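The values are calculated or read from the model by the stated rules, or taken from the named source; none is laboratory data. These numbers come from a predicted model, not from an experiment. Neighbour counts are summed over all protein chains in view; Cβ atoms, including those assigned to glycine, are modelled from backbone coordinates with ideal geometry. To get the accessible areas, we keep the full protein, side chains included, count just its heavy atoms, and leave off ligands, DNA and RNA. Shrake-Rupley method; radii C 1.70, N 1.55, O 1.52, S 1.80 Å.
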Amino acid sequence: MNVSQDQKIWSLNTIIWLIFLILISIIISIPLIYFNSIRLDEAQSIWQVSHSVSEILDIVGRDVHVPLYHIILHFWQAIFNNTIISARYLSLFISIISIPFVYLLASKLYNTKIGLMTTVIFILSPFISWYANEARMYSLLLLLAVLNSIFFIDILKEDKRISWIGFIITAILGIYTHYFYWLFLLSNALFYITNYKQFSRNLFQKFIIVAIILILAIAPWIYYVINLGSAANTKPILNAPSSVDLFNIFSQYIFGFQPDIINSIILSSWPVIVIIIFTTLQRKLNYSVFNTFVIFQMLIPVGLAFILSYLRPIFLSRYLIVSSLFLYIYIIYIITTYFKRQMKILYIGIILVIGLSLSFQIYNPNTPVKENFEDVSMYLTTKATARDIIVLSAPFIIYPFEYYYQGVTKVETFPIWDRSKISSIPQFNSNTISTQVDKIKEGHQYMYVILSYDQGYGKEFKTYLDNNFEKVAEREFSPDLTLYQYKLKL
Amino acid sequence: MNNYISMNDNPRKIFLQNTQASKILLIGVALISLIYFIFITFFIAPSNYWLYGILIVGEIFHLWQIITYIITVWDTQSNNIYDENFSPEVDIFITVAGEPIEIIKETAIAAKNMVYPKFNIYLLNDGFVAKKDNWREVKKLAKDLGINCITRKIPHGAKAGNINNALQQTKSEFFVVFDADHVPAREFLQKTMGYFIDSKVGFVQTPQYYKNHNQNLVTEGAWRQQELFFGAICKGKNKTNSVFMCGTNMVLRREAIMAVEGMCETNIAEDFLTSLFVHSKGWKSVYIQEVLAEGLAPEDFMSYYKQQFRWARGSLEIIFKYNPLFNRGLSFSQKLQYLSSASYYLSGGIFLLNMILPLIFLFTGNVPLINSSMIIALVFIPYIYLVMYILQRSSNFTYSFKGLAFSMSSFMIHIQALIAVLTGQKNGFSITSKTQVSGNFIHLNWPHILYILISLIGITYYLSNIGVTASLFANGTWIVLNIMIMIPFLQASLPLKQKNILIENEKSFEAVPAVVSKLTIDQ
């Protein structure tokens, strides 16, 4: 990419468009930042970064993550304050920085038209919007992948030192942001290996050196984590994914998080993909090898995560957020190969579908990923008394619950977990249900049980309660977040 | 860095360049096709055995097509022996049967302008036996141009008979066949004759390029289909010595043709069958990867329909009457290639069977397989993607949805041809019209319209009886796909608009005078 091309990419018209898109992005984010309850993952982030840096390393090291985001959030929260709103602003800030780079990436891969069209989809995407406003590391993961891709393309096109430096720095930051960044890098490597003939010959050795640098860079952390040992049961258990989960990921990339009934209709319409494949049979105008790069980044991390999940379940769409961007780029590329009128119709159609999905996701209280810990906490703050007991299961939902809860009622978890003594949540043992419940209910009038994130024993626990106590109330606050009230025999 | 095509490339070249797909990719496509087939056949339980049977028959056919395609395009590099100093005397046959005199004239002038030591031009004038009005004008044209004219008075064997008649009245060791509308390049003979230095080469075929491919929807659709055939497929067939004659733009060794008692007159695709006989006698064939003559695609839907029917009928007869599997003179590769080319015309029936499966669901609720939709999708999507990709890759990214749509939407032509072969119906040889027959030919596509109507009725019936279900969306989407495939074909059968588009650097051969350019471009 030479200077004149860069100037073409950054025309005044484009900059005005990008500023407009950034404003739209901020407007979209307001309801997500302010009106959504804290979620489990966010609560864990807030709790983790409230510690010192060394403690953060210890906590994150025992967790399934790498520490860069947590350290950044720690200092961010120190400057602002340790609330969920300020934490979400960090994600939004990173996401907004990503917008011009998304445009730059798609423009470098194809052209500025595709760049701008992709950026519109990017800011409207319900999936991206969700994580652009969540107090987690996913917007950072995406930004670092976008930057790294830009440097990678520059290397393949021109092999400049500055590109290598940028590539190495973003790669190191990326691998300290999320373990799944390695899948992204692996896809880069596979793309290069399968297309090396198309590029300069001396790149291979340099890529090998970069790979060694990255391994050396992550080695201290790996050594640290191995020495720590990991905490057990502090995260929801994942199941091995099915073919439905695989398609669900791509459905989420486009339609966001929708209720089951809508989702089943979307998934049943999978032959639409066949229609798309058939209609991509176009005489390719200036077919680029970077098409393969986009396809690789769209499919390979998802495919690898799917396969690896049979060894250890790790298949979560948010871990694979980078692939969503490449899906958008590819969709836009495809529709720009059609005739102008068809292209306009399809593009408007896609914007409408994505926009409607976004609105539905934001304003529908039954959006599956919504976790309304705020309302349940507020409800119990006013409803429960000091004579009652609140029981949370799975135990780790105590993080989002206690973020809001200001009541006087004692809060317990099932299984009982004394966080001051052990970092690991005790394993469930069905033989100890009655003992533990007896211990929990001791001296209380009502037991308020919040069930969420079933770890495989929720049903058994609830059946026990139903059989032994009188259920006097039940209320669902959000999908998979239900409060039960039991009258205890004093 | 990027050696793929751009539309600024010459359309005469792009379909012939860069057709060699990676062998790893080809193996990958073959493997995933096999995996998909095994998975569908053995790992998903049937729901309705009749529908399951239909589905599996279709899948067997698709697997056959994919595997034979992969074998065909496995190696598209040529290594034929060539000697540019080999230049024996040649007879040029321009077959004529009532085409407009201007078209014949331009072909004849271009033939005269060919650069070669010694050749004799003959207009094989079949206008008299074909009862065309202009047969006398053809004779006069020959006289005016100072070339020979052979006018048949006794009809037999259509085009093949015309050529055989000429062979009796000429004597050169080699002869060239041009259809009346196929204008040769000046270097046609220079670039073809050198291959006959190999005394076992029986014929040399060059690509059949449609210079009017941008004229309207019919010419465009016809060319999109041809590109794949004259690109990767013929190049691959060349490697296995199994390219067949395509009726025009070809040079033949008299001895090879006489060894099979002349051009075959018993089949309406005489070139295809004659090639089979020539190969079975041990003669070799050569395909030249360069456009050396330019012709005209059928310009209206009726002409296209008749042309496709003739090719389908002739090819299917090969399967049912001259099955290459039982021809001892052919090598295994040649048997496979002839069978795969001929069996292409069975695809219409298969497409129809596949099309009706979602309709059956709408009216009866029956499906071929017990519902494992997402698992099937998991295997089917990479399978279909890779199959489409390999078509794209091996055609240098020239194969388009339009070509696919024309091929698949010709299902009724294929079925009619199959019925004609099985029932032994007589079909005369009809020459593809070289001028546009204007009109509305939508009636020829009544099966397509019927399908759309039944689909609409079926969806209404399902909605009123069952309501909105996920299965409705799945089957509805298949129906939408089928209808989308039909749309370019239906559009082409409506009264045509001329596109008046000429690709920037697409210039006709120098020999083509302005009158022909006007005829083919400005209409």
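So which residues in the range A:206-223 are in contact (Cβ under 8 Å) with a residue 24 or more places away in the chain and more than 25 Å from the chain's Cα centre (by Cα)?
A:Lys206, A:Val210, A:Ile213
In the range A:190-205, what residues are in a helix (DSSP H, G or I), more than 13 Å from every other protein chain (Cβ to nearest Cβ) and more than 32 Å from the chain's Cα centre (by Cα)?
Of everything in the range A:190-205, those that are in a helix (DSSP H, G or I), more than 13 Å from every other protein chain (Cβ to nearest Cβ) and more than 32 Å from the chain's Cα centre (by Cα) turn out to be A:Phe204, A:Gln205.
Give me the pairs: first residue in the range B:14-26 and aromatic (Phe, Trp, Tyr), second residue assigned to a loop (DSSP other than H, G, I, E, B) and buried (at least 21 other Cβ atoms within 10 Å of the Cβ), beta-carbon distance under 7 Å, and six or more apart or on different chains, which are they?
The qualifying pairs are B:Phe15/B:Ser395; B:Phe15/B:Asn396; B:Phe15/B:Thr398.
So which residues in the range B:166-187 are open to solvent by 30 Å² or more (accessible area, probe 1.4 Å) and of a type outside the set (D, E, K, R)?
Selection gives B:Gln168, B:Gln169.
Report yes if some residue within the range A:367-389 is touching a strand residue (DSSP E or B) at 6+ places or on another chain (Cβ under 6 Å), closer than 27 Å to A:Ser45 by Cβ, open to solvent by less than 30 Å² (accessible area, probe 1.4 Å) and among the aromatic types (Phe, Trp, Tyr); otherwise report no.
The answer is no; no qualifying residue exists.
Kindly indicate which of B:Lys23, B:Lys105 is basic (Lys, Arg) and either within 30 Å of A:Asp159 (Cβ to Cβ) or within 14 Å of another protein chain (Cβ to nearest Cβ) (or both).
Selected residue: B:Lys23, the only one of B:Lys23, B:Lys105 that is basic (Lys, Arg) and either within 30 Å of A:Asp159 (Cβ to Cβ) or within 14 Å of another protein chain (Cβ to nearest Cβ) (or both).
Kindly establish whether B:Glu59 is in a helix (DSSP H, G or I), in contact with a Phe, Trp or Tyr (Cβ under 6 Å, 6 or more places away or on another chain) and either away from chain A (no Cβ under 14 Å) or touching a residue at least 12 places away in the same chain (Cβ under 8 Å) (or both).
In short, yes.
Got a sec? Which of B:Gln425, B:Gln416 is more than 10 Å from chain A (Cβ to nearest Cβ), open to solvent by 10 Å² or more (accessible area, probe 1.4 Å) and at pLDDT 90 or above?
B:Gln416
Looking for something open to solvent by 40 Å² or more (accessible area, probe 1.4 Å) and closer than 30 Å to B:Val73 by Cα - is there at least one such residue anywhere in the range B:214-224?
yes
State whether one or more residues within the range B:370-393 are more than 14 Å from chain A (Cβ to nearest Cβ) and over 23 Å from B:Ile449 (Cβ atoms). Spell out how you get there, then give the answer.
So in the range B:370-393, the residues more than 14 Å from chain A (Cβ to nearest Cβ) come out as B:370.
Subsequent filtering for residues that are over 23 Å from B:Ile449 (Cβ atoms) retains B:370.
Within the range B:370-393, one or more residues are more than 14 Å from chain A (Cβ to nearest Cβ) and over 23 Å from B:Ile449 (Cβ atoms).
From the list A:Tyr333, A:Tyr347, exactly one residue is within 17 Å of A:Thr279 (Cβ to Cβ), open to solvent by 30 Å² or more (accessible area, probe 1.4 Å), aromatic (Phe, Trp, Tyr) and out of contact with any Pro (no Cβ under 9 Å at 6 or more places or on another chain). Which is it?
Result of the check over A:Tyr333, A:Tyr347: A:Tyr347.
Only one of A:Pro236, A:Pro259, A:Pro301 is more than 9 Å from chain B (Cβ to nearest Cβ) and modelled with pLDDT of 95 or more. Can you tell me which?
Of the residues listed, the single one that is more than 9 Å from chain B (Cβ to nearest Cβ) and modelled with pLDDT of 95 or more is A:Pro301.
Please work out which one of (1) within 30 Å of B:Gly329 (Cα to Cα); (2) out of contact with any strand residue (DSSP E or B) (no Cβ under 6 Å at 6 or more places or on another chain); (3) open to solvent by 10 Å² or more (accessible area, probe 1.4 Å) is the condition B:Lys159 fails and give its number.
Against the list (1) within 30 Å of B:Gly329 (Cα to Cα); (2) out of contact with any strand residue (DSSP E or B) (no Cβ under 6 Å at 6 or more places or on another chain); (3) open to solvent by 10 Å² or more (accessible area, probe 1.4 Å), B:Lys159 comes up short only on (2).
Being outside any helix (DSSP H, G or I) and hydroxyl-bearing (Ser, Thr, Tyr) is the filter here; which residues of the range A:111-141 pass it?
A:Ser125
Working carefully through the options A:Phe461, A:Phe428, A:Phe477, find the one that is aromatic (Phe, Trp, Tyr), closer than 30 Å to A:Thr367 by Cβ and assigned to a helix (DSSP H, G or I).
After ruling out the rest, the residue left standing is A:Phe461.
Checking A:Pro67 against (1) in contact with a Leu (Cβ under 7 Å, 6 or more places away or on another chain); (2) surrounded by fewer than 20 Cβ atoms within 10 Å (Cβ to Cβ), which test does it fail?
Looking at each condition in turn, A:Pro67 falls short on (2).
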